[in-house]
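The values are calculated or read from the model by the stated rules, or taken from the named source; none is laboratory data. Quick caveat: nothing in here was measured; it's all calculated off a predicted structure. Cβ placement follows ideal geometry from the backbone for every residue including glycine, while neighbour counts extend to all protein chains displayed. The accessibility values were calculated without ligands, DNA or RNA, using every heavy atom of the protein model including side chains. Shrake-Rupley method; radii C 1.70, N 1.55, O 1.52, S 1.80 Å.
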Amino acid sequence: MPDEIPDTDQSAADQARKPWPRWKRFGALAAALIVVSGGVLVVTGWPSGSATSPADGPPNYVDESASAGIDHTYAGGFEFFVGGGVAAFDCNDDGRDELYFAGGSEPAALYRNESPVGGELRFTEQSSPVTDLTAVTGAYPLDLDSDGQIDLAVLRRGGNVVLRGLGDCRFEDANDSLAIDGGEAWTVGFSATWEGSNTLPTLAFGNYLTPGGDTCGDSRLVRPAAGGNTYAPPIALTPGYCTLSVLFSDWARSGQRDLRMANDRHYYLDGSEQLWQIAPGAAPRQFTESDGWRPLQIWGMGIASHDLTDDGRPEVFITSQGDNKLQTLDEGAVGPAYRDIALDRGVTAQRPFVGGDVLPSTAWHPEFEDVNNDGLVDLFVSKGNVEAQIDNAMRDPSNLLIGKADGTFVEGAEAAGIVSYDRTRGAALVDLNLDGMLDLVEVNRQVNVRVWRNVGRGDAEQPQPMGHWLAVRLHQSAPNVDAIGAWVEVRVGERTVVREVTVGGGHAGGKIGWIHAGLGEAASAEVRVQWPDGEAGPWMRVVADQFVSIDRDAAEPLPWAPQQ
């Protein structure tokens, strides 16, 4: 995608309010009865009202970039035209998500979240030589060693680093202790999954151009060594086609998680998008046309997945330049036979929707979430010219595509108040002030990060939720304490919303923690979880507008309430 020159191509309530060291404390169940079944989170059985509220349109967002306390820019030349991600995760056990920003040629930065519940967004930089690394393109959070503290996979141009969480937002370099070869690649993509009974997860690093060259580098698969506590030498995923995003997903609901890759056709001639079969104990194998795979050549830059067709299998949205794709499996397909439904669903987002520029858009980070809590998933897509590509739009605002009851999407960014002509890269939709409404963070090239607070139907002084909601965290015994690979089902009336718990995708950054579900007008829901090994837990009924922890070994879920 980039070019060195402009491209012309006690009481329950008291207990619940205690600080929450990840899954170490549980309060008594209060004001909710939850039924969890088999590792998939399903919300069902609304007692009154419709499953979703009427089409309310987008929420109002308030730009708090200047007041939030975040002063950070993703900068650099050609080698940082791609990347610019943000990781969202809780590293001090208060339920709020901290933010770790890639900096490119500038140091990366960790910001501690000090936002009051329901109030203005506030952050304080937590500087450390361990986290303030240079040449960082992105980062992804996960609890790699299942010790209850979130770790960070930090992606760099010239040597990736795994940082082990020590608590209270402190970290240490764990490359040596885990025998991880950071390499010298230009890495932008990352994903992780647990294979079989391995203590450590399998890691995938998506590599772009070879540093100093103009050819595509091979991405790498890193599996645990035989002993289980360190990593074996990396496996090259060859051929490499300049990968910008990777995602482990059980795309067929078979119980096996394979690796999807978004590749940038700007630098390959005979390549395409890729799907690698990652079977425990077997060498990686690329799916081919004989398996049903259909070659697709786009400027692939980001991946997001969500079940939009209510068949239990996730659709895949891939960002590109002027030609974003939404892929669904053919009916009755036994292999990865995907077809495009982006035009039918209204998510092509090929050109700017406002601002007067008529040239093709450049899309980066996609993310499915319900931003207006109406029970229908929405789609955010970050946008921005690579640098000065004259054949692509320069005034290219990000999209906020609002989901409708008929399965289509309609543009809502202008009505939401988030139109900006910055060159946006990574982003995150996350509830930063724990009020049940998803806020927005955008990382931009050469200008400061933007932070938008979701105030629903209201304004900065009087926020007003648009619908009911539920936030859930999963926990199981080690390994894989956060149940990566679980399926969460939320059934509202006759409709069931299904989502997979993953680490990876997006563009150069991701999140871990609360799983958000909009409930529309419903005052309660039922929830079911299908755990990563396929076992389904019991159904649980949950009262709306609360945070809930679901432990695989517990008889019932537990409510959690944030401290002010």
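Accessible surface for residue 354 stands near 30 Å², nearest 10, in the context of the full protein assembly shown (1.4 Å probe).
Out of the total accessible area of region 420-564 (probe 1.4 Å, heavy atoms of protein only), what percent is carbon and sulfur? Working shown, then result.
Values: 2030 of 4480 Å².
The computed percentage sits at 45.
Counting only Cα atoms, I'd like the Rg/Rh figure for region 323-441, Kirkwood definition for Rh.
Values: Rg = 15.2 Å, Rh = 15.3 Å.
Radius of gyration over Kirkwood radius for region 323-441 works out to 1.00.
When all protein chains stay in place and ligands, DNA and RNA are ignored, the 1.4 Å accessible-area order of 404, 383, largest first, is 404, 383. Taking every protein chain into account, the 1.4 Å probe leaves residue 348 with about 30 Å² of accessible area, to the nearest ten. Taken about its Cα centre, the chain carries a charge dipole of about 720 debye when Lys and Arg each add +1 at the Cβ and Asp and Glu each add -1 at the Cβ.
Heavy atoms only, 1.4 Å probe, whole protein assembly: order 489, 79, 125 by accessible area, highest first. Show your work: numbers first, answer last.
Details: 489 25, 79 60, 125 95 Å².
Highest to lowest solvent-accessible surface, that is 125, 79, 489.
Using only helices, what value at 222 nm comes out for the chain when you add -39,500 (n - 2.57) per DSSP H run of length 4 or more and divide by the total residues, to the nearest 500 deg cm²/dmol?
Numbers: 3 runs with 13 residues, N = 564.
It comes out at -500 deg cm²/dmol, rounded to the nearest 500.
Ligands, DNA and RNA are left out, and with a 1.4 angstrom probe the accessible area of region 436-564 is 33 Å² per residue. Largest to smallest in accessible area, the residues 265, 223 fall in the order 265, 223 (1.4 Å probe, all protein chains included). For volume of the Cα convex hull per residue in Å³, pick the label among (i) 185; (ii) 129; (iii) 217 that corresponds to the value derived from the coordinates. Computed from the coordinates, volume of the Cα convex hull per residue in Å³ corresponds to (ii). Determine which aspartates and glutamates satisfy two conditions relative to residue 325: a Cα distance under 16 Å, and not lying fewer than 8 residues away in the same chain. Partners found: 264, 273, 307, 315, 340, 344, 367, 378. Summed over the residues of region 75-119 and divided among them, the accessible surface reaches 18 Å² per residue at a probe radius of 1.4 Å. Between region 348-380 and region 439-497, the C-alpha centres lie 17 angstrom from each other.
Within the accessible area of region 304-371, what % is carbon and sulfur when the probe is 1.4 Å and the other protein chains stay in place?
Details: 1100 of 2330 Å².
Reported share for carbon and sulfur atoms: 47 percent.
Only protein heavy atoms count here; under a 1.4 Å probe, residue 320 has an accessible surface of about 0 Å².
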